[in-house]
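Step one of this worksheet: look at the structure below.
The values are calculated or read from the model by the stated rules, or taken from the named source; none is laboratory data. Every value quoted in this text rests on a predicted model; they were computed, and no experiment measured them. FYI the Cβ positions are ideal-geometry reconstructions off the backbone, even for glycines, and counts take in every protein chain you see.
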Amino acid sequence: MTGLPVSLFANPILHALQTKHRHFTVSAGKARRYPADVAPFVAVEEPTFDALQSLHSLLVPGEQVWIADAKFPDWPDIVWETSLECLQMVLPDDVSVPDLEMHFDTLSCSDAPAMVALTDLAFPGFFRIRTCEMGRYYGVHSNGELVSMSGERITFDGYPEVSGVCTHPAHRGKGYASALMWQVIRDHRREGLVSWLHVSAGNAHAIELYRRMGFIEARRILWHRISRRD
């Protein structure tokens with residue numbers, strides 16, 4: 001397996017909310033979203049004016065959310081703020097998962113405040129108080145403080161995303177990020193699942209790490225941050 005099916009990965013939020021994450025779905029017409037305290041992601045079945053009206057009804061004034069690759073007709077009540085190019089990378093089946101001698105803590109939603117605080121250092125606003133419900137998470141603690149973590153986010157049948165990869169600046173260079181990712185990947189391999197991830201096209205350091213682990217680029221995707229006008 002060296003690719004990711006475009007039929008799923010061109011609109012990953014929609015497929016997640018129709019399958020493994022359907023219990024999170026908040027919908028109106030052909031628009032879907034995660035609850036705001038779970039994740040800042042929305043999707044539409046097709047980029048039409050009607051879908052945009054439905055999406056508008058799911059947002060509160062001023063709320064910022066992200067949508068993948070959608071191209072809509074202009075509509076004054078939705079503000080298009082910025083775009084972010086990301087790589088979708090996948091770990092081929094023939095990449096071996098190394099055995100690592102390192103202790104990991106299984107995180108739960110009781111750890112959510114610490115998880116939000118840690119991830120806000122690297123990608124503020126993406127990890128919310130209920131993001132912990134989207135999948136499994138592992139972490140490393142030092143003197144009682146969560147200093148590194150990794151887990152799962154966007155998930156649909158057969159394809160869980162490796163996400164939430166973050167290490168406190170004071171604890172970088174110790175191999176925590178890759179080790180925690182391998183723990184998540186080990187779970188996936190045991191269950192016959194394909195590990196994949198998103199990474200900003202401008203994050204050269206992270207891309208280099210993922211390539212060393214064996215991940216390859218499958219495709220590129222544009223994420224657009226939009227908001228509902230007050």
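Residues in the stretch 1-36 that are among the polar types (S, T, N, Q), in a loop (DSSP other than H, G, I, E, B) and either buried (at least 18 other Cβ atoms within 10 Å of the Cβ) or at pLDDT 95 or above (or both): 11, 19, 25. For the stretch 174-190, a residue qualifies if it is in contact with a strand residue (DSSP E or B) (Cβ under 9 Å, 6 or more places away or on another chain) and more than 20 Å from residue 218 (Cβ to Cβ), and the qualifying residues are 174, 176, 177, 179, 180, 183, 187.
In the stretch 136-150, the condition of being touching a residue at least 60 places away in the same chain (Cβ under 8 Å) and either more than 30 Å from residue 61 (Cα to Cα) or polar (S, T, N, Q) (or both) is met by no residue.
Determine whether residue 195 is outside the structural domain of residue 55 (by TED's automatic domain parsing), surrounded by 14 or more Cβ atoms within 10 Å (Cβ to Cβ) and within 14 Å of the chain's Cα centre (by Cα). Spelling it out, residue 195 is indeed outside the structural domain of residue 55 (by TED's automatic domain parsing), surrounded by 14 or more Cβ atoms within 10 Å (Cβ to Cβ) and within 14 Å of the chain's Cα centre (by Cα).
Restricting the stretch 57-86 to residues that are touching a helix residue (DSSP H, G or I) at 6+ places or on another chain (Cβ under 7 Å) and not in a loop (DSSP other than H, G, I, E, B) leaves a set whose member that is nearest to residue 126 (Cα to Cα) is 68. Residues in the stretch 87-96 that are assigned to a loop (DSSP other than H, G, I, E, B) and buried (at least 18 other Cβ atoms within 10 Å of the Cβ): 91 only. Between 54, 7, the distinction of being without any contact (Cβ under 8 Å) to a residue 40 or more places away in the chain and within 20 Å of the chain's Cα centre (by Cα) belongs to 7 only. Here the strands (runs of 3 or more DSSP E) wholly within the stretch 126-170 that include at least 2 residues being out of contact with any Pro (no Cβ under 9 Å at 6 or more places or on another chain), among the β-branched types (Val, Ile, Thr) and buried (at least 22 other Cβ atoms within 10 Å of the Cβ) are 159-167.
A residue that is in contact (Cβ under 8 Å) with a residue 60 or more places away in the chain and either under 23 Å from residue 35 (Cα atoms) or in contact with a Phe, Trp or Tyr (Cβ under 6 Å, 6 or more places away or on another chain) (or both) occurs nowhere in the stretch 167-176. Taken over the stretch 99-111, residues that are assigned to a loop (DSSP other than H, G, I, E, B) and either more than 24 Å from the chain's Cα centre (by Cα) or of a type in the set (Asp, Glu) (or both) amount to 5.
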